[in-house]
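What follows draws every value from the coordinates through simple rules; no lab data is involved. Worth saying up front: this structure is predicted, and the values here are computed from it rather than measured. No Cβ is skipped: glycine too gets one built from the backbone with ideal geometry, and neighbour counts run over all protein chains shown.
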Amino acid sequence: MTEPDTDESLPPTPAHADAGNPAPAAGAAEPGLAEAKAEAAANHDRYMRVAADLENFRRRTVREKDELRTVATGRVLEDIFPVVDNLALALTAAKQPKADLKSLVGGIEMVLTQLKTALSGHGLKEINPAGQPFDPHQHEAISHLPSTDVPEEHVHSVVRTGYSLNGRLLRPASVVVSSGRPLEGKA
């Protein structure tokens, strides 16, 4: 009887790891191993489906957001078209040889009112704080000016109107703030 040759340089394989126990037959795997493999495959399948659903949701959300932005922009533009038309009429009237300056100014004021009305219908609000207390969250002070008429730290005059959109500040009002009564005796 001859001994089987063994190569000591090879790492033991599961079949050779325990020489005292014979290797299990190919069809007689451990009872839980097949169930674990099936469960792992099912979990992987669920994971792949959820990942695909999440990616589809992300793409759909981006697409819907873009569509919403387009619809909202379209509504604003539809309300501004009459303003553009009236500005074109005002420009045509201004180019006439005997254009009346007073009626042109009145027409442009009406177009400005029309534009402000159209924009306010979409949530735009003017910030024009003349005479109100200075608010650094809504106003940008560009200078201080002594005044006997306007109380200290109140807006003396508005240099540039500010705007907010549905409560969110878009542009602060640029204002001159009163520093109160001028100091007497200073030269």
> Loop-only check: which GluC sites (Glu not before Pro) in the stretch 67-160 are DSSP coil with at most 16 other Cβ within 10 angstrom?
Replying inline: GLU152, GLU153
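Could you tell me the calculated FRET efficiency between GLN114 and ARG60, based on Cβ-Cβ distance and R0 = 45 angstrom, to the nearest 0.05?
Once rounded, the FRET efficiency stands at 0.70.
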> What size of dipole, in debye to the nearest 20, comes out for the stretch 31-122 about its Cα centre when the only charges are +1 on Lys and Arg C-beta atoms and -1 on Asp and Glu C-beta atoms?
Replying inline: 260
>> Report D for the stretch 80-187 in µm² per second (integer): Stokes-Einstein, Kirkwood Rh on Cα pairs, 4 °C, 1.567 mPa s.
In response: 79
>> So if each residue of separation counts as 0.36 nm, and I subtract the Cα-Cα distance between LEU124 and ALA36, what length gain in nm does that give?
In response: 25.6 nm
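Find how much the distance from ASN43 to THR161 grows on full extension, using 0.36 nm per residue of separation minus their present alpha carbon separation; answer in nm with one decimal.
Result: 36.5 nm gained on full extension.
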> Distance in nm between label sites at ALA72 and GLN96, each 7 Å beyond Cα in the beta-carbon direction?
Replying inline: 4.2
> Relative to the present Cα-Cα distance, how much length would full extension add between THR148 and SER174 at 0.36 nm per residue of separation?
Replying inline: 7.2 nm
